[in-house]
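Presented below is the structure to which this report refers.
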Amino acid sequence: MSKAKLAINNNYPSVTDLRNKAKKKIPKFAFEYLDGGCNEDVNLIKNTSE
């Protein structure tokens with residue numbers, strides 16, 4: 001099995017940069033829905049924990 005090469009986009013060197021760009025580009029209600037998680041924020045906590 002071969003390893004996939006990870007391409008880095010220099011426009012968005014971090015997840016925070018990508019999040020900030022998305023916040024500027026999509027409607028506020030959509031960003032808040034996607035950024036806020038759902039239910040008891042279980043997925044949000046899992047996705048942002050280290």
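The values are calculated or read from the model by the stated rules, or taken from the named source; none is laboratory data. Treat the numbers as computed from the prediction; the structure is a model and nothing was measured. Cβ atoms come from the backbone with ideal geometry, glycine included; neighbour counts cover every protein chain shown. Just so you know, the surface numbers come from the protein's heavy atoms only, side chains and all, with ligands and any DNA or RNA stripped out. Shrake-Rupley method; radii C 1.70, N 1.55, O 1.52, S 1.80 Å.
Could you order Tyr33, Tyr12 by accessible surface area, starting with the largest, using a probe radius of 1.4 Å?
Ranked list, largest accessible area first: Tyr33, Tyr12.
Where does the charge balance sit around Leu18 when Lys and Arg score +1, Asp and Glu -1, over other residues with C-beta under 12 Å from its C-beta?
My count for the surroundings of Leu18 gives +3.
Apply the Karplus parameterisation 6.51 cos²θ - 1.76 cosθ + 1.60, with θ equal to phi minus 60°, to every residue of segment 13-19 and state each ³J(HN,Hα) to the nearest whole Hz, in sequence, with x for glycine and proline.
In residue order, the calculated couplings are x, 9, 4, 4, 4, 5, 4 Hz.
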